[in-house]
1. Separation between the residue 19 and residue 66 pseudo-spin-labels, each 7 Å from Cα along Cα→Cβ, expressed in nm?
2. Which log10 I(q)/I(0) values does segment 13-71 give at q = 0.18, 0.28 Å⁻¹ under the Debye formula, counting every alpha carbon as one identical point scatterer?
3. Starting from the Cα of residue 45, step 7 Å along the direction of its Cβ; do the same at residue 32; then give the gap between the two resulting points in nm.
4. Could you tell me the relative contact order of the chain? Use alpha-carbon pairs under 8 Å, at least six residues apart, and round to a whole percent.
5. How many lysine pairs are close in the chain, with Cα atoms under 21 Å apart and the two 8 or more places apart or on different chains?
6. Just the number please: accessible area per residue for the chain, 1.4 Å probe, all protein chains included, in Å².
7. Counting only protein heavy atoms and a 1.4 Å probe, tell me what percentage of the chain's accessible area is made up of carbon and sulfur.
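The values are calculated or read from the model by the stated rules, or taken from the named source; none is laboratory data. Just so it is clear, the model here is predicted, and its values are computed rather than measured. We place every Cβ from the backbone using ideal geometry, glycine too, and count neighbours over all the protein chains shown. Side chains included, ligands, DNA and RNA excluded: accessible areas come from the protein's heavy atoms. Shrake-Rupley method; radii C 1.70, N 1.55, O 1.52, S 1.80 Å.
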Amino acid sequence: MNKEKFSFVIYMIRACASHWKKNPSEVYRNMKSTNCIMGFLVPNYEILHTQSTKYVIEDIKEYFNVRGISI
């Protein structure tokens, strides 16, 4: 993972945590357990990083819902 993708992942962890009023470590654990980082965010970086933060947060929420993780 390059620096830009790494920064994007960290940014999204913090953005989701803030939006959902969760601890960033909890969001990270959920992302890691569902393969959200390496299976969704990193492979789709080129598309996702051009979208609004709110849009990507909603995508991540949907990704979690499909995998049985409730926010």
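1. Each label point is offset 7 Å from its Cα along the Cβ direction, giving 1.6 nm.
2. -0.56, -1.37
3. 1.9
4. Values: 37 pairs, mean separation 24.1, N = 71.
Reported as a whole number, the value is 34 percent.
5. Within the chain, the lysine pair count is 12.
6. Details: 4570 Å² over 71 residues.
Solvent-accessible surface per residue comes out at 64 Å².
7. Values: 2320 of 4570 Å².
Of the solvent-accessible surface of the chain, carbon and sulfur hold 51 percent.
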